[in-house]
Amino acid sequence: AAGKGTRFSGERGESKLHAKIDQKPMYMHMMDKMQAFSSVELFIVTGDEKIIEEAEKRGIFVVRNKEPEKGIAHSVVLGLKAVSHSFKSGTDRKSGAPDGILFSVCDQPKLKISTIQRILNDAALHKRNIICAGCQGKKGNPVLWPSDFFQELLRLTGDEGGRQILGKYAAKVRVVEAQQKELFDIDRTEDMEYLKMSGEK
């Protein structure tokens with residue numbers, strides 16, 4: 001939740017993640033869905049004070065991004081470092097490093113909890129594969145990265161995120177099929193209108 005959202009001009013210049021969908025700010029949709037998985041530790045990368053306040057209220061660990069202009073890769077690196085540090089300095093139930101990390105974005109309000117669950121299920125069966133949501137050949141978010149790829153993720157730069165690694169290791173990628181509307185991410189105000197016009201509530 002750390003992007004600047006420069007392509008979106010909401011009311012009064014407000015961040016797109018605060019735009020309301022079904023009477024609820026966009027970022028809360030993903031928080032609600034991720035909190036359905038009580039055994040999973042949750043981290044959110046953001047520099048938005050309202051989102052930070054809500055995350056802390058819910059017990060979600062906040063990773064502050066003070067330089068969103070560095071792009072998606074910077075958010076990925078911050079999140080990965082925070083999770084890894086948490087495991088190294090954490091409680092007895094942690095073994096020094098996580099087996100994998102699920103990265104998601106906060107601008108896919110139609111993503112289903114069941115799709116997230118299927119990604120986690122597939123990752124448990126195929127521990128050394130990259131698991132992502134997709135539709136008819138198109139790969140999208142969320143993406144679960146096994147620990148084999150952490151070092152490459154830490155070297156990412158720019159605004160492309162892990163997509164460049166997905167292309168490099170195509171044979172290691174498993175796609176969990178989802179509905180097209182679940183992968184739809186909101187970048188512009190017109191995208192909000194698309195959701196309304198298409199009747200996808």
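The values are calculated or read from the model by the stated rules, or taken from the named source; none is laboratory data. Computed from a predicted structure; not experimentally measured. Backbone-built Cβ (ideal geometry, glycine too); neighbour counts: all protein chains shown. When the accessible area is computed, the model is the full protein with side chains, heavy atoms only, and any ligands, DNA or RNA have been set aside. Shrake-Rupley method; radii C 1.70, N 1.55, O 1.52, S 1.80 Å.
A residue that is in a loop (DSSP other than H, G, I, E, B), free of Cβ contacts under 8 Å to residues at least 60 places away in the same chain and buried (at least 16 other Cβ atoms within 10 Å of the Cβ) occurs somewhere in region 91-102. Would you confirm, using the coordinates I've provided, whether ALA55 is touching a residue at least 12 places away in the same chain (Cβ under 8 Å), surrounded by 20 or more Cβ atoms within 10 Å (Cβ to Cβ) and not aromatic (Phe, Trp, Tyr)? Spelling it out, ALA55 is indeed touching a residue at least 12 places away in the same chain (Cβ under 8 Å), surrounded by 20 or more Cβ atoms within 10 Å (Cβ to Cβ) and not aromatic (Phe, Trp, Tyr).
Go through (1) open to solvent by less than 20 Å² (accessible area, probe 1.4 Å); (2) at pLDDT below 90; (3) over 20 Å from LEU154 (Cα atoms) for ASP22 and report which single condition fails. All conditions pass for ASP22, except number (1). Based on what the data block shows, is LYS33 modelled with pLDDT of 85 or more, of a type outside the set (Gly, Ala, Ser) and more than 15 Å from the chain's Cα centre (by Cα)? No; evaluated as a whole, the condition is false for this residue.
Could you tell me whether ILE116 is in contact with a strand residue (DSSP E or B) (Cβ under 6 Å, 6 or more places away or on another chain), within 30 Å of ILE21 (Cα to Cα), modelled with pLDDT of 95 or more and open to solvent by less than 80 Å² (accessible area, probe 1.4 Å)? Here the answer is no, as ILE116 does not meet what is asked. Residue selection: LYS33 fails the criterion of being in contact with a Phe, Trp or Tyr (Cβ under 7 Å, 6 or more places away or on another chain) and surrounded by 14 or more Cβ atoms within 10 Å (Cβ to Cβ). Across region 48-87, the number of residues qualifying as in contact with a helix residue (DSSP H, G or I) (Cβ under 6 Å, 6 or more places away or on another chain) and over 20 Å from GLY162 (Cα atoms) comes to 2.
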